[in-house]
Amino acid sequence: MRQHGDIRNLFDEVEAAAGDERRDAFRRLVRLLAVHETAEEEVVHPFARRSVPGGEQVVKDRLAEEKAAKETLAALDDLDTDDPRFMPQLMKLRTDVQKHARAEERYEFTHIRRSTDDANLAAMARAVKAAEAMAPTRPHPGVESGAANVALGPVAALMDRTKGVVRKAMEKNG
């Protein structure tokens, strides 16, 4: 839930900034969204699938939303933040992400809190932190399952981090 607030704040920051500040804020937003969704796909959705009434459909709906958001985010990631197409696409992404977050909070998080004890919630929180540590830092549409994230996540994370270092070095030299 805290990360949903952090994501909203980063959208505000990207919108309000310009130039290098917008680019930096957008990079932080991309990273947070990628890491956040990976953790949900590996920890939250499997639990919801087993424990929430109608969990299979609830998770299926969230995964479809996540895939669409990753596709938009990947397209945005290919644009410069000064490109005239950037802000309209960012606004669409923001609307989709906020709708997705409200659905998670309503259909997953509320039921998870009601259906398990503090020890299990603490274990899930530790699992989320572990998933975040190994998560890719860029969107990878088509990788929306826990199994796919576990299999591909560490390789994608390494590639993403390498690309990020190279991108940062090129921006400093360019």
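The values are calculated or read from the model by the stated rules, or taken from the named source; none is laboratory data. Everything quoted here is computed from the prediction, not taken from an experiment. We place every Cβ from the backbone using ideal geometry, glycine too, and count neighbours over all the protein chains shown. Each accessible area value is taken on the protein alone, full model and side chains, heavy atoms only, with ligands, DNA and RNA left out. Shrake-Rupley method; radii C 1.70, N 1.55, O 1.52, S 1.80 Å.
Annotations
- Helices (runs of 4 or more DSSP H) within the range 1-114 that include 1 or more residues at positive phi: 19-39
- Meets criteria (surrounded by 15 or more Cβ atoms within 10 Å (Cβ to Cβ), of a type in the set (A, V, I, L, M), farther than 19 Å from residue 55 by Cα and modelled with pLDDT of 85 or more) for residue 101: no
- Qualifying residues in the range 47-89 (those that are more than 22 Å from residue 117 (Cα to Cα) and among the small types (Gly, Ala, Ser)) - the one modelled with the highest pLDDT: 64
- Test: residue in the range 36-57 that is under 22 Å from residue 2 (Cα atoms) and exposed (fewer than 14 other Cβ atoms within 10 Å of the Cβ): no
- Of all residues in the range 1-27 being among the aliphatic types (A, V, I, L, M) and open to solvent by 40 Å² or more (accessible area, probe 1.4 Å), the one that is nearest to residue 84 (Cα to Cα): 18
- Residue list for the range 108-122, filter: open to solvent by 40 Å² or more (accessible area, probe 1.4 Å) and touching a Ser or Thr at 6+ places or on another chain (Cβ under 9 Å): 111, 115
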